[in-house]
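Asks: I have a structure I would like to understand better, so I am pasting it below and will then ask my questions one at a time.
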Amino acid sequence: MFDLLELAENKAFEALNAEERQFVLAFMSESAYQNLYETAAHLRHIDAAPTPPPALREAILRHLPAPQPWYRRSVSIATLILACLCSALTTYLLKPGQASPPATTPEPEKIIVQKTDTIYLEKIKYKTQIIEKQILVPVNIPIAQVNTNTPQAAEHHPQADPFPNVQVSDQAGAIGTQPGLMQFFTPATKRSEK
Amino acid sequence: MPNSYQRYTDEQLAAALGRRQDRAAMAELYERYGTQMFRYFYRSFYRDQAKAEDFTQELFLKLLEKGGRYNPDLPFKTWLYTLAANLCKNEFRRLAVREKAQPLLLPETSELLPETIDQALLDATLRLALDALDPMHRQCVLLRYQEALSIKEIASILDCPEGTVKSRIFNALRKLGEHIPKNSFI
């Protein structure tokens with residue numbers, strides 16, 4: 001396929017081959033095409049533009065910084081030298097022969113688990129409804145003091161420790177030694193009265 | 001004296017200009033494009049020489065300012081013409097230059113005169129007809145026939161499809177052709 005503009009810019013009607021002529025004549029007459037061709041050719045030759053004055057160049061270059069002497073121009077080289085000096089000084093001060101401090105092994109993370117246990121279970125019969133009340137109190141029993149022979153202790157502290165890294169905090173003793181916990185118990189005399 | 005910057009491409013010079021405001025790079029770019037851009041502005045602004053000087057200076061200062069943002073993948077010439085065309089467009093918008101267009105003045109110096117009076121009259125007629133075109137058509141014609149740029153380059157400069165550029169040029173040629181007497185081509 002031909003480009004009409006491209007043809008009109010480059011070829012006079014006489015210079016077109018039969019196929020191109022047929023293409024052109026499908027759009028316009030021969031004289032219209034020739035007119036386009038001549039206009040395009042004229043437009044290329046009406047150039048009478050003057051040259052810019054030499055002062056224009058100077059005016060433009062005046063906006064740029066004047067050339068600097070080499071020691072000011074090569075800022076990057078000066079920066080490089082300075083960086084080298086700094087690194088040499090740092091290396092000297094650190095003394096590469098000096099033994100490095102021993103590597104510290106990170107301590108295993110301590111996980112503190114606070115265990116709770118049921119120490120009091122009371123069933124109150126109120127009319128037809130039985131309300132079950134369960135009080136959970138934190139219990140801190142030292143592993144070393146626990147008599148693992150008793151079934152209760154065996155229940156709370158099984159033989160195989162599932163958390164080898166777990167440290168159980170131990171501040172309190174047996175329940176009987178903590179008067180604060182005794183409030184949860186009903187004295188035997190009162191119970192018998194009921 | 002040969003300039004050492006002559007061996008660099010336009011793109012390298014533009015990059016040097018953007019990076020470190022290299023005076024020699026600017027001088028070399030001006031050597032390559034100064035006259036060309038001055039003439040482009042001269043034609044675009046209806047042969048106003050003072051305005052052409054101002055805009056050439058502004059263009060090269062813009063080059064200095066925007067040099068750092070130049071993308072070397074784009075041809076430098078196209079980028080430069082894009083900056084110039086945008087300056088023209090802004091100026092046309094601001095001042096509506098078209099209404100203030102000066103009537104055609106034939107060149108005063110004998111060296112610029114065409115060989116025959118007939119040719120001079122024909123050129124004058126064509127310039128007037130060109131001035132009468134609307135700015136977008138006129139820009140396309142100037143870039144194509146005075147600056148000898150390709151359709152693709154013009155499309156890139158004016159930021160429009162190639163088909164639009166072709167259609168504008170074709171219509172402009174038809175309009176201009178009405179002012180050319182038959183068999184006037186020399």
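The values are calculated or read from the model by the stated rules, or taken from the named source; none is laboratory data. Everything numeric in this text was worked out from a predicted model, so none of it was measured. Quick reminder, even Gly has a Cβ in these numbers, built from the backbone with ideal geometry, and neighbours come from all protein chains shown. What goes into the accessible areas is simple: the full protein's heavy atoms, side chains included, and nothing from ligands, DNA or RNA. Shrake-Rupley method; radii C 1.70, N 1.55, O 1.52, S 1.80 Å.
Asks: Using a 1.4 Å probe and counting only protein heavy atoms, arrange A:PHE184, A:PHE23 so the residue with the most accessible area comes first.
Replies: In descending accessible area the options line up as A:PHE184, A:PHE23.
Asks: Rounded to the nearest whole Å², what accessible area per residue is found for region A:4-43 with the 1.4 Å probe?
Replies: With all protein chains present, region A:4-43 gives 45 Å² per residue.
Asks: Students sometimes get this wrong: rank B:MET136, B:MET37, A:MET1 by accessible area, probe 1.4 Å, all chains present, largest first.
Replies: Descending order: A:MET1, B:MET136, B:MET37.
Asks: At a probe radius of 1.4 Å, figure out the A/B buried accessible area, summed over both chains, and give it in Å² to the nearest 100.
Replies: For A against B, buried area totals roughly 3900 Å².
Asks: Now for a separate question. In the structure shown, do any of B:LYS77/B:LYS166; B:LYS51/B:LYS152; A:LYS11/B:LYS152 have a Cα-Cα gap over 24 Å, and if so which?
Replies: With Cα atoms farther than 24 Å apart: B:LYS51/B:LYS152.
Asks: For region B:115-186, with all protein chains present and a 1.4 Å probe, just round the carbon and sulfur fraction of the accessible area to a whole percent.
Replies: The computed percentage sits at 55.
Asks: Counting only protein heavy atoms and a 1.4 Å probe, tell me what percentage of region A:4-43's accessible area is made up of carbon and sulfur.
Replies: Looking at region A:4-43 in its full context, I get 49 percent from C and S.
Asks: Using 1/(1 + (r/R0)^6) with R0 = 25 angstrom and r between the beta carbons of A:ARG21 and B:ASP134, what's the FRET efficiency to the nearest 0.05?
Replies: Approximately 0.20, to the nearest 0.05.
Asks: Would you mind classifying region B:3-92 by shape? Square roots of the alpha carbon gyration tensor eigenvalues, ordered a ≥ b ≥ c; an a/c under 1.5 is rounded, otherwise it is prolate if a/b is larger than b/c and oblate if not.
Replies: prolate
Asks: Moving on. Counting only other chains, what is the mean number of Cβ atoms within 10 angstrom of the Cβ of each residue in peptide B:127-135?
Replies: What the average comes to for B:127-135 is 1.
Asks: To continue, here is another question. Full extension from B:CYS160 to B:ARG7: what is 0.36 nm times the residue separation minus their Cα-Cα distance, to one decimal in nm?
Replies: Extending this stretch completely gives an extra 51.7 nm.
Asks: For A:GLU6 and A:ARG62, compute 0.36 nm times the residue count separating them, minus their Cα-Cα distance, and round to one decimal in nm.
Replies: This chain segment gains 15.8 nm when fully extended.
Asks: With every protein chain kept in the model, how would you rank A:GLU109, B:GLU53 by accessible area, 1.4 Å probe, largest at the top? Walk me through the numbers before you get to the answer.
Replies: On the way: A:GLU109 145, B:GLU53 55 Å².
Putting A:GLU109, B:GLU53 in descending order of accessible area: A:GLU109, B:GLU53.
Asks: Subtract the Cα-Cα distance of A:ALA41 and A:TYR92 from 0.36 nm times their separation in residues, and report this length gain in nm to one decimal.
Replies: 10.6 nm
Asks: I would also like to ask the following. Keeping all protein chains in the complex and leaving out DNA, RNA and ligands, what accessible area do you get for A:LYS11 with a 1.4 Å probe, in Å² to the nearest 10?
Replies: About 70 Å², rounded to the nearest 10.
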